[in-house]
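Colleague: Got a structure for you, written out below as structure tokens; questions coming shortly.
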Amino acid sequence: MTPPTPWLLLLLPYRDKLHLPRCSRTGLFTPDLAFEAIVKKQIIKLKEPCLKCVDLVLSELTSLVKKCTGKLGSYPKLREETERIVTTYVRERDIKTKDQVLLLIDIELSYINTNHEDFIGFANAQQRTTAINNKKRVMPNQVIRRGWLTINISIMKGGSKDYWFVLTAESLSWYKDEEEKEKKYMLPLDNLKLRDVEKGFMSTKHTFAIFNTESRNVYKDLRQIELACDTQEDVDSWKASFLRAGVYPEKDQVDSEDTGPAESFSMDPQLERQVETIRNLVDSYIGIVNKSIRDLMPKTIMHLMINSAKDFIHSELLAYLYSCGDQGSLMEESTDQAQRRDEMLRMYHALKEALLIIGDISTTTVSAPVPPPVDDTWRTKEPSPPPQARPAPAAVPPPSRPPAARGPTAAPPPSSPQNPAFGAPLIPSRPGPPPVNTYSAADPVVNVPLIPSRPARVPPALPPGIPR
């Protein structure tokens, strides 16, 4: 058996309708009232997101209109009037669009078309339910929960002890410790139910019990096993795990008569199979509705809001602007724009005047042509000898030594200013014959003053009487 699902809670108000035969529609199974009621509830929930979608489109269009009218900032009154007219029209279309969207939802609610080609149908839903149940039965030894629990037994029979419990889809086993080597007992889950147990006076733990619906002993000679946890949250968690394994709480007849119908529901396997079948049918049909709404919503918004607003701006906006009143007031410029226009006009006239002045200067100025260059081709230039014809300084013959003469030596001649290379005074020498210069005086390289040489000294004569 499968654990209860929220679909079972949805079906509680219609539990009596599950068994009422109706023949108003073909192609569906007998409890179609429950299916139709759940489908309508799910379709009604589509209204809120659809209306929110229209509101988002409205806000986007409003911001777009403000952005576009910002181009008319030079004419504030025209901008305000244009924005007011277009925004008012868009809001009117928003109301009509919402009415159309609600009409689409009401159309979906008016008739549940179970003959739709994409609808799964009763036979396919039952086959899917059977396949799901078979998948759940493939792994019977699947572990659902592990944990420590305390078995409450009277002191005469051994007292309370803590064990390591392992809950699977078919059995409940407990071991000595977490290693799961020493198994104490294995209890099959067939015909087992859960029952709440009041906490004892001296007990600090929260307790629940497992018993057999056929009044058989559950463990040894005990008709029920009391299992204790430290907190109530642990108890609720273990109960949920037992529900997954197919062990359900005990049905209290007294409480079901006193309380409302929402708290009394059957755990009949046949009813659960019907619930699973209805869930598959509802999922299939809601998928069809969602697909239809997702297709029609953007088409409706585009037709009634966006395209309509675009046509209004192209065809009727100008007529509304002319019908507003004085067109002259609409075309009044703002103070900033007028000041900027005056500054641009002053700059224009100033530049125009500057261009006129520049034109006058270029037309009244007289300029003489530049004279041609002087023709000096008539001048003859003496070519200088090539450097190969110049003799080397070493080829100049040294000056001849003058003949020796007695008498005092002459003072050295003053240094020539033409030879700055010799800054020190020259060695005094006797005058001699000038050197023979075989080169022309016109040669500036060869005609260089020579360094005077020191004259040779004549040894003094021997005194008389000394033979030579």
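The values are calculated or read from the model by the stated rules, or taken from the named source; none is laboratory data. Keep in mind the model is a prediction, meaning the values are calculated, not measured. Cβ atoms come from the backbone with ideal geometry, glycine included; neighbour counts cover every protein chain shown.
Colleague: Could you pull out the residue among L103, L33 that is without any contact (Cβ under 8 Å) to a residue 40 or more places away in the chain, hydrophobic (A, V, I, L, M, F, W, C), assigned to a helix (DSSP H, G or I) and in contact with a helix residue (DSSP H, G or I) (Cβ under 8 Å, 6 or more places away or on another chain)?
Modeller: Just a single option satisfies the conditions, and that option is L33.
Colleague: Any residue at all in region 42-65 that is closer than 30 Å to L189 by Cβ, out of contact with any helix residue (DSSP H, G or I) (no Cβ under 6 Å at 6 or more places or on another chain), at pLDDT below 95 and of a type in the set (S, T, N, Q)?
Modeller: No - not one qualifying residue is present in region 42-65.
Colleague: Out of D177, D236, report the one residue that is within 30 Å of E272 (Cβ to Cβ) and either in a loop (DSSP other than H, G, I, E, B) or of a type in the set (D, E) (or both).
Modeller: On the way: D177 fails: within 30 Å of E272 (Cβ to Cβ).
None of the others qualify; the one that does is D236.
Colleague: Further question on the same structure: Here are T87, T114: which of them is at pLDDT 85 or above and either more than 30 Å from R340 (Cβ to Cβ) or part of a helix (DSSP H, G or I) (or both)?
Modeller: Numbers: T114 fails: at pLDDT 85 or above.
Residue meeting the stated conditions: T87.
Colleague: Continuing with the same structure: Mind checking which residues of region 76-113 are surrounded by fewer than 18 Cβ atoms within 10 Å (Cβ to Cβ) and among the aromatic types (F, W, Y)?
Modeller: Y111
Colleague: Considering only residues that are at pLDDT 80 or above and exposed (fewer than 10 other Cβ atoms within 10 Å of the Cβ), which ones fall in region 189-214? Outline the logic, then answer.
Modeller: Here is the first cut: in region 189-214, the residues at pLDDT 80 or above are 189-197, 205-214.
Scanning region 189-214 gives a single hit, E214.
Colleague: Any idea how many residues of region 318-372 are part of a helix (DSSP H, G or I) and either in contact with a helix residue (DSSP H, G or I) (Cβ under 6 Å, 6 or more places away or on another chain) or not basic (K, R) (or both)?
Modeller: 35
Colleague: Now a separate question. Could you tell me whether any residue of region 242-249 is within 52 Å of the chain's Cα centre (by Cα) and surrounded by fewer than 14 Cβ atoms within 10 Å (Cβ to Cβ)?
Modeller: no
Colleague: Hey, could you check region 286-326 for residues that are at pLDDT 90 or above and farther than 24 Å from E60 by Cα and say which is surrounded by the most Cβ atoms within 10 Å (Cβ to Cβ)?
Modeller: Looking at the filtered set, the residue picked out is V289.
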